[in-house]
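Colleague: Submitted below is the structure of interest, expressed as structure tokens.
The values are calculated or read from the model by the stated rules, or taken from the named source; none is laboratory data. Bear in mind the structure is a predicted one, so any value in this text is a computation, not a measurement. In this analysis, Cβ positions are derived from the backbone assuming ideal geometry, glycine residues included, and neighbour counts consider all displayed protein chains.
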Amino acid sequence: MLAPMMSSLPARRSAEEQARLHSELIDLIEHRMVFNRLLGLKVQTLTPQLVLRFEMRPELVGHFHYGRLHGGVISSVLDSLGGCILLAALGEKHAHESADQVIHRFLRIGTIDLRVDFLRQGLGQHFIASAEITRLGSRVGSTQMRLHNDEGLLIATASGAYVVS
């Protein structure tokens, strides 16, 4: 009789460690990434899709007369979102790693390319940014991001490529 085949896949992290990872990811995105804190980014959902929200504030205005969101703020939010969704995806890709090991992977993530399309004026009381991964390879990850205002109008889209290893 043949012995049962042993699985070569590493064990997935425990539910407790998964909850810890989610908590650590939210803390990283909202607090430890100081620029995100300056922008006021708050995680609305982490999985299966990363969604961030931020409030319009006078410090984020680019055009004083119209009170529009600065284009640099739009770009920064979408860029940060692209990197953060890849980190969350790396947590799933490496589901056998501890929360600390996954968070350590953040040190390797960096933007290679970012293209932002500004579609409408950045007007609104608050904004919602969402992203999806188009590809996650061993060295490079690609994302598509969107920014909507509080009325659901699409303000900007972006695509990004990031080093992930």
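Colleague: Could you list, in sequence order, the residues of segment 125-145 that are without any contact (Cβ under 8 Å) to a residue 60 or more places away in the chain, buried (at least 17 other Cβ atoms within 10 Å of the Cβ) and either more than 18 Å from G91 (Cβ to Cβ) or of a type outside the set (A, V, I, L, M, F, W, C) (or both)?
Modeller: Hits for segment 125-145 are G141, S142.
Colleague: Related question: Scan (1) in contact with a Gly (Cβ under 9 Å, 6 or more places away or on another chain); (2) modelled with pLDDT under 95 for the single condition R115 breaks and write down its number.
Modeller: Going through the list (1) in contact with a Gly (Cβ under 9 Å, 6 or more places away or on another chain); (2) modelled with pLDDT under 95, R115 breaks only (2).
Colleague: Still on this structure, please answer the following. Is segment 37-48 home to any residue that is surrounded by 12 or more Cβ atoms within 10 Å (Cβ to Cβ), touching a Pro at 6+ places or on another chain (Cβ under 9 Å) and at positive phi?
Modeller: So far as segment 37-48 goes, no, none of its residues is surrounded by 12 or more Cβ atoms within 10 Å (Cβ to Cβ), touching a Pro at 6+ places or on another chain (Cβ under 9 Å) and at positive phi.
Colleague: Output the number of the condition that G122 fails; it satisfies all remaining conditions of (1) free of Cβ contacts under 8 Å to residues at least 40 places away in the same chain; (2) buried (at least 16 other Cβ atoms within 10 Å of the Cβ); (3) more than 20 Å from L87 (Cα to Cα); (4) small (G, A, S).
Modeller: The failed condition is (1).
Colleague: If I ask for residues that are in contact with a His (Cβ under 9 Å, 6 or more places away or on another chain) and at pLDDT below 90, which ones from segment 14-53 would you list?
Modeller: Across segment 14-53, the qualifying residue is only T47.
Colleague: Right, L87: closer than 19 Å to T143 by Cβ and buried (at least 19 other Cβ atoms within 10 Å of the Cβ) or not?
Modeller: So L87 passes the test.
Colleague: If you scan segment 52-80, which residues turn out to be touching a residue at least 60 places away in the same chain (Cβ under 8 Å) and in contact with a helix residue (DSSP H, G or I) (Cβ under 9 Å, 6 or more places away or on another chain)?
Modeller: Correct list: L52, F54, G62, L69, V77.
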